[in-house]
1. As an exercise: evaluate M109 against (1) of a type outside the set (S, T, N, Q); (2) assigned to a loop (DSSP other than H, G, I, E, B); (3) buried (at least 22 other Cβ atoms within 10 Å of the Cβ); (4) modelled with pLDDT of 95 or more and give the number of the one condition it does not meet.
2. Filter segment 52-69 for residues that are of a type in the set (S, T, Y) and either surrounded by 21 or more Cβ atoms within 10 Å (Cβ to Cβ) or assigned to a loop (DSSP other than H, G, I, E, B) (or both); which is modelled with the lowest pLDDT?
3. State all residues of segment 210-248 that are touching a strand residue (DSSP E or B) at 6+ places or on another chain (Cβ under 8 Å), part of a helix (DSSP H, G or I) and under 20 Å from V260 (Cβ atoms); if no residue qualifies, say none.
4. Among the candidates A158, A205, which residue alone is among the small types (G, A, S) and either closer than 21 Å to W251 by Cβ or under 20 Å from the mean Cα position of the chain (by Cα) (or both)?
5. Quick check on this structure: which one of I203, I180, I122 is at pLDDT 95 or above and over 20 Å from R84 (Cβ atoms)?
6. Determine the pairs where a residue that is farther than 21 Å from Q176 by Cβ and touching a residue at least 60 places away in the same chain (Cβ under 8 Å), located within segment 197-215, has a partner that is of a type in the set (V, I, T) and not in a helix (DSSP H, G or I) with Cβ atoms under 8 Å apart, the partner being 6 or more residues away or on another chain.
7. Inside segment 82-99, can you point out the residues that are in a loop (DSSP other than H, G, I, E, B) and in contact (Cβ under 8 Å) with a residue 60 or more places away in the chain?
8. Restricting to segment 172-202, name every residue that is under 18 Å from the mean Cα position of the chain (by Cα), part of a helix (DSSP H, G or I) and buried (at least 19 other Cβ atoms within 10 Å of the Cβ).
Amino acid sequence: MLRLALSSAWQRALSPNLDILFCNRSSLKNMVTRFSTPERAHSYSSLTPHGESPPTLAGVSLRLMPLGGSITQGVGSSDLNGYRKSLLELLQSCDCDIRMVGSRKTGSMEANDHEGWRGFRIDEIEKKAKKSVAKLKPNIFTVNAGSNDCLQSFEIEAFGKRTSDLLEYLWLASPQSTVILSTLVINADQRVDSRVLRVNDQIRALIEQKSASQKRVVLADMYTGEGPEIHDLVDGTHPGDVGYKKMAWIWFNSIQEAAVKGFLQEPEN
């Protein structure tokens, strides 16, 4: 199946130089070796598309809530950390002051807090978020939600509205926050994947709509050649370790895009 190209003009302008744009070169050298496929060990630029030096992530305080379903929880990974540990280490390599938060703890990593709920649709995830977001006040969310809507074929045409409701709640409960919203990963079942494609179209349209309304939101496009492929899935739905590392890089890129856009605010007390 033809994979969709990255939709962000900003990402196109910097790719393939985006991955390690803001980090100290020596500190990220080991990260490239550990996490990358060979094509990621590339040279990079130290400038934004406009020619100025980009803002650094060093010293930036992130209170990050991974929010979603079983992929957020880490189902399919050998250590149950999913993408979370790889993303945490990538951000730490930039000397970013990063803390992951959530009401749940899963995986072998020490900082294993998250808000991932296996089997939950996006409307059900919103109900769980309402019990934790206002208390924890994340200033950034990585949201991957909707695979269960597709698996259950639940009101697919109204998915964008449900996602919009979730995002608006996140901004209401934590006004300083930035949302990194991902498209869904590919599914090995063609019927399910046809729903994934329809949902992803709604996600991309929603990003454009919210961006036009000056909301702090960035797309993390998982349904591309950079994201998990069918052979990266352990059960047709959930990535294995390699697939989760690919996801971590995409989240990382999108967080850097948020920094360039000036979205990242100090966490609320």
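The values are calculated or read from the model by the stated rules, or taken from the named source; none is laboratory data. What you see is a predicted model, and the numbers here were worked out from it, not measured in a lab. With ideal geometry, Cβ positions are generated from the backbone for all residues, glycine too; neighbour counts draw on all protein chains shown.
1. (3)
2. Filtering segment 52-69 down to residues of a type in the set (S, T, Y) leaves 53, 56, 61.
Narrowing further to those that are either surrounded by 21 or more Cβ atoms within 10 Å (Cβ to Cβ) or assigned to a loop (DSSP other than H, G, I, E, B) (or both): 53, 56.
On the way: S53: 44, T56: 72.
Only one residue tops the list, namely S53.
3. Listed by number, the residues that qualify are K210, S211.
4. Going through A158, A205 in turn, just one is among the small types (G, A, S) and either closer than 21 Å to W251 by Cβ or under 20 Å from the mean Cα position of the chain (by Cα) (or both): A205.
5. Numbers: I180 fails: over 20 Å from R84 (Cβ atoms); I122 fails: over 20 Å from R84 (Cβ atoms).
Just a single option satisfies the conditions, and that option is I203.
6. Hits for this filter: N200/T183; R204/T183.
7. Selection gives G82, Y83, S93, C94, D95.
8. V196, V199, N200, Q202
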